[in-house]
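Bear in mind that the values in this text are calculations on the coordinates, not laboratory data. Worth saying up front: this structure is predicted, and the values here are computed from it rather than measured. Note: ideal-geometry Cβ built from the backbone for every residue, glycine included; neighbour counts use all protein chains shown.
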């Protein structure tokens, strides 16, 4: 909510006193909330009952002023004066209409309003607010009228409230807070004061206290629906989407005339309530099929729900409508993910790069680029993106190191070092160096897995695999200590870890065979045969060793 308050909002307190009927109160309250259609209906009904009702004519004039129909507003104010020349509100209305073109004429209307108000504080405050709202603001005159009001009624809550608005306009936020607190103290039903305090707390990045003020307002008036919308926005910005959804739901259930559902839809989206989000955002799409904002969210939802063909069509249209400077990093990122899933990884990477230009802190994009490059078999690029992902991502978990370690291992294994007529010695040497480098990188990453998850076998087991690949002839036994260490936890469940144990027993059987320790070698081959009786390699090794 804007920290400035229009005269419409001010009139709820200013001209609605205990002598007014409830209909009048409701009408001005609708104006206060900018629910213009309802306000027009209420004041229209009053005028049907009494066409010369000066208060209803004033209310209808306020409706026209609020909706920009100034000529109609002037007619209503003038008819109100003709109907009851002692009612001050219509003089104030005419004064406001004259203020920009003829300040002297406006001042005469204000004097007439003050004269007829018989020292009624409300009219003084109304005129003060008119001065505060004019362009440029006349804060000096506004303050003069507020001070006059406080001289007559030092406990007037609305005067303190208006003082708070003037302090905000002057940049004195701390003093404004004190004025709003006084307004609430003298009138616990000064609803706008709660809203202003909440806005100040939001600006001060204090969402807890902002929420507290809104909850206090709701406690006083549970059907003040705007408070629920404001709560929804605060919770949305704080990424508390279930609470945002709850409050937005209450608001939109009761305010049918407000189509500003974007944040509500995004709250549902981030809470993974995709169907509900689609239902809400379709309201905006029906109103304007070429509005890129709802199309953006529909595109995101299409990706999340795997409706990729429709999603790509939506995003294609979205990019034709949105100005370039309005494109978000997520727009490129989501489009890139759609392209990648549908097999266009090269174009996906280009969109990821555009996303990074928009937001270089979005580390997750590097992971998407890694996956897309890997699918294209551009392994060097993929691993570079993977390393970038690790360097940018905060709060790394063991799985991050593990997955990149497996990628390095896989790429190293796929480097063909077989000699052929097309390979020069230099190429062969470069490939060999690159393979060794990748194995070393994989081993380094798996060592981090061991460090951060010491109770898991994975880091140790994969270090064994890497070192076995480095020492292909098993002459150095580089993998032996890692396989032996992994053997202890894995052997506790030979059924679950049959595959891993088979690999370990085969390695150790071969290792001891190479060392000519035939007894130990035979022991490991027999262990392999116990868990895998059909293993031909174990059967052949046992036959050979038993002959020896």
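Points worth noting:
- Ellipticity at 222 nm from helices only: DSSP H runs of n ≥ 4 in the chain, each -39500 (n - 2.57), divided by the residue count, give -24000 deg cm²/dmol.
- Per-pair calculated FRET efficiency, R0 = 60 Å: residue 432 and residue 305 via Cβ, rounded to 0.05: 0.80
- Model label points for residue 360 and residue 341, set 7 angstrom from Cα along the Cα-to-Cβ axis, are 3.1 nm apart.
- Residue 350-residue 104 FRET efficiency (beta carbon distance; Förster radius 60 Å; 0.05 resolution): 0.40
- By the Kirkwood approach, averaging reciprocal distances over each pair of separate Cα atoms, the range 1-153 gets a hydrodynamic radius of 15.2 Å.
- The range 80-151 and the range 191-235 have their alpha-carbon centroids 30 Å apart.
- Kirkwood estimate for the chain, i.e. one over the average of 1/r between Cα atoms, Å: 30.1
- Sorted on the mean count of surrounding Cβ atoms within 10 Å across their residues, most packed first, peptides 139-150, 83-94 read 83-94, 139-150.
- The convex hull of the Cα atoms of the range 66-105, projected and averaged over all directions, covers 2.9 nm².
- Label-to-label distance, residue 204 versus residue 220, with points set 7 angstrom from Cα along the beta-carbon direction: 1.8 nm.
- Label-to-label distance, nm, for residues given as residue 147 and residue 456 (7 Å Cα→Cβ offset): 7.1
- Projected-area average for the range 401-478 over all orientations - Cα convex hull basis, square nanometres: 5.4
- Three-way shape label, the range 103-157, alpha-carbon gyration tensor, a/c 1.5: oblate
- Degrees between helix 157-169 axis and first principal axis of the chain (Cα, 0 to 90, nearest 10): 60
- Against the main long axis of the alpha-carbon atoms of the chain, helix 54-66 sits at an angle near 40°.
- In plain terms, the chain from residue 286 to residue 118 could stretch by 55.2 nm, reckoned as 0.36 nm per residue minus the Cα-Cα distance.
- Per-pair calculated FRET efficiency, R0 = 25 Å: residue 70 and residue 140 via Cβ, rounded to 0.05: 0.45
- Gyration tensor over alpha-carbon atoms, the range 183-327, equivalent ellipsoid semi-axes in Å: 34, 15, 14
- Fully extending the segment from residue 397 to residue 243, taken as 0.36 nm per residue of separation minus the present Cα-Cα distance, adds 52.5 nm.
- Restricting the calculation to Cα atoms, every distinct pair contributes to the Kirkwood radius of the range 491-548, found to be 11.1 Å.
- In degrees, nearest ten, helix 458-470 long axis to first principal axis of the chain (Cα): 50
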